[in-house]
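The block underneath contains the structure these notes are about, expressed in structure tokens.
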Amino acid sequence: MCDHPVYNFCTLYMIRNKGLAVIQQRYDAETKTTWWTDIDDWLIDMIYLHEKFKDYFDKYSREKDDKELYPTVTLRQIMWSLKMKPLKRERWETTFDHRDI
């Protein structure tokens, strides 16, 4: 749980004092709203145990910034980078450009 401007919950991978937040987009069909939150439980270990995860983590993780936040990537970004088969893209999904989240 955190006070990030885009989300309140994320999956935080930490090694020593460095961290990397991963977020997944959700959708409520009734209200037609989306929000970003922590990733599905079944994906946590699949990503962490991936043979390329440590290299990815070392490249993108950092210590907390002055706002007490870690760098953030979307689930789709990390899955593409690790060459994992991504989840099916939904019509309602939005994306971030290549700037920091």
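Being closer than 16 Å to residue 13 by Cβ and either surrounded by fewer than 16 Cβ atoms within 10 Å (Cβ to Cβ) or of a type in the set (S, T, N, Q) (or both) is the requirement here; does residue 43 meet it?
Criteria not met by residue 43.
Any residue at all in the stretch 32-42 that's touching a strand residue (DSSP E or B) at 6+ places or on another chain (Cβ under 8 Å), under 18 Å from residue 95 (Cα atoms) and free of Cβ contacts under 8 Å to residues at least 12 places away in the same chain?
Yes; the residues of the stretch 32-42 include at least one that is touching a strand residue (DSSP E or B) at 6+ places or on another chain (Cβ under 8 Å), under 18 Å from residue 95 (Cα atoms) and free of Cβ contacts under 8 Å to residues at least 12 places away in the same chain.
Look at the stretch 1-31 and say how many of its residues are surrounded by fewer than 19 Cβ atoms within 10 Å (Cβ to Cβ) and farther than 19 Å from residue 93 by Cα.
The number of residues fulfilling the criteria is 10.
Going by what's in this entry, would residue 62 be described as charged (D, E, K, R) and modelled with pLDDT of 95 or more?
When the stated conditions are applied, residue 62 passes them.
If I ask for residues that are assigned to a helix (DSSP H, G or I) and among the basic types (Lys, Arg), which ones from the stretch 20-57 would you list?
54
The values are calculated or read from the model by the stated rules, or taken from the named source; none is laboratory data. Since the model is a prediction, treat every value here as computed from it, not as a measurement. Glycine also receives a Cβ, built like all others from the backbone with ideal geometry; neighbour counts cover every protein chain displayed.
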